[in-house]
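The values are calculated or read from the model by the stated rules, or taken from the named source; none is laboratory data. The shown structure was predicted, so the numbers you read here are calculated from the model rather than taken from an experiment. Note that each Cβ is placed from the backbone with ideal geometry, even for glycine, and that neighbours are counted across all protein chains shown. These area figures cover heavy atoms from the full protein model, side chains too; ligands, DNA and RNA do not enter into them. Shrake-Rupley method; radii C 1.70, N 1.55, O 1.52, S 1.80 Å.
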Amino acid sequence: MKVKMRIDKMLGNLGYGTRSSIKLLIKQGAVTVNGTLVKDHGLQINPNEDEVVLDGMTIQYRDTVYVLLHKPAGVISATEDKRDQTVIDLLDEDITVMSPFPVGRLDKDTEGLLLITNDGKLSHELLSPRKHVPKTYRALVAGQVGDTDIEEFKRGVTLDDDYVTMSAQLGVLASKSGEGSPVVGEAQYEDELTSAVMLVPQEAELDPNVALSWIELTIHEGKFHQVKRMFEAVGKKVLYLRRISMGPLKLDPALAPGEWRELTEEEVDSLRNYRKGGTE
Ligand code: URA
């Protein structure tokens, strides 16, 4: 497709500065197009075909970016913060120049899948309360989670502000009834429970006599601290929380906490189609 765009607009859209600072960069001889030094900041180029180099760095044109981050504990889901490191601080500059933001929030101590994008429309639709996009979590819970909890979560539990949650799907993957007792569950989940115990922060002062459950929970809404408050509502405490999916998007097991990658085209399409189809 033949698209024409001014060079200063292209660089501006990508976040490389204001029109006036880009004009200055061009004047200083920092930009070439197809190997030729640019003198005119209004030069028309084809951003998809022409090779634009700024300060020796080839600039790929695109107007949207989609990142899958395995959020680690200790960073906050915001674009900037005075005290804490944010999820945006974990990304590279060629991504952050495009002004991406997290789609929804995970608590500071929650790990797992976080989508980061500058696609406001997609973000809005994924977060829309009407869409009920499912979000699945694995959690280590203090207490023996059982059939009564599963039933209550299915019916909806009453949170501390009297909000009754939508039906949620809870399953127990592995459990341990107390100190000295074995972890019981499928081998993979027994290992996951044991590893999650190591991730419980010291402040939680884990009582060795208390039973532990490694659970999976799918919710279809996103109230503040929802998973933790749902367990509080049934008298149990979440000790460690990890999100493993959001709609069709799954946490990539190849990503360690703190690592990220851009979404594949298939993943972006699956999100777009998912949103289009709706889930009401
Ligand atoms: N529910 C919570 O309680 N915390 C999160 O970070 C996400 C869901």
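Sort 124-137, 251-264 by the packing proxy (mean of other Cβ within 10 Å over each peptide's residues), most packed first. Don't jump to the answer; show the numbers that get you there.
Working: 124-137: 17.2, 251-264: 13.9.
Result, highest mean first: 124-137, 251-264.
Can you grab the distance from the C-alpha centre of segment 68-118 to the C-alpha centre of segment 1-38, Å, no decimals?
28 Å
Given the pairs K131/K236; K71/K131; K71/K237, which are separated by over 27 angstrom at their Cα positions?
Details: K131/K236 29 Å; K71/K131 24 Å; K71/K237 21 Å.
Correct reply: K131/K236.
Within the accessible area of segment 5-59, what % is carbon and sulfur when the probe is 1.4 Å and the other protein chains stay in place?
The C+S portion of the solvent-accessible surface of segment 5-59 is 51 percent.
Counting only protein heavy atoms and using a 1.4 Å probe, what share of the accessible area of segment 207-280 belongs to carbon plus sulfur, as a whole percent?
Numbers: 1860 of 3640 Å².
On segment 207-280, the fraction of accessible area on carbon and sulfur atoms equals 51 percent.
Hey, what's the chain come to in accessible area per residue, 1.4 Å probe, Å²? Kindly include the intermediate steps, with their values, before the conclusion.
Details: 14830 Å² over 280 residues.
Result: 53 Å² of accessible area for each residue.
Considering amide H positions built from the backbone, and no H for Pro or chain starts, which residues 5 or more places from Q169, or on another chain, come under 5 Å of its amide H?
Sorted by chain and number, the residues that satisfy this are T218.
What dipole magnitude, in Debye to the nearest 20, does segment 134-246 give about its Cα centre under +1 on Lys/Arg Cβ and -1 on Asp/Glu Cβ?
Numbers: 12 positive and 18 negative charges, 72 e Å.
I would put it at about 340 debye.
Which residue fluctuates most in the GNM of the chain (Cα springs below 10 Å): V33, V157, V97?
For the chain, modelled as a Gaussian network with Cα springs under 10 Å, the answer is V33.
In terms of modelled amide H atoms, which long-range or inter-chain residues lie less than 5 Å from the amide H of E259?
H70
Taking a ≥ b ≥ c as the square roots of the Cα gyration tensor eigenvalues, with a/c under 1.5 meaning rounded and otherwise prolate when a/b beats b/c, else oblate, which class fits segment 139-280?
Verdict is oblate for segment 139-280.
Between Y240 and residues 5 or more places away or on another chain, which pairs have amide H atoms under 5 Å apart, with H built 1.01 Å from N, and which residues are they?
Residues meeting the amide H criterion: L140.
Quick check on the chain: take the gyration tensor over C-alpha atoms, sort the square-rooted eigenvalues as a ≥ b ≥ c, and tell me if it's rounded (a/c under 1.5), prolate or oblate.
Prolate.
Please report the accessible area of L43 (heavy atoms, 1.4 Å probe, ligands and nucleic acids excluded) in Å², nearest 10.
60 Å²
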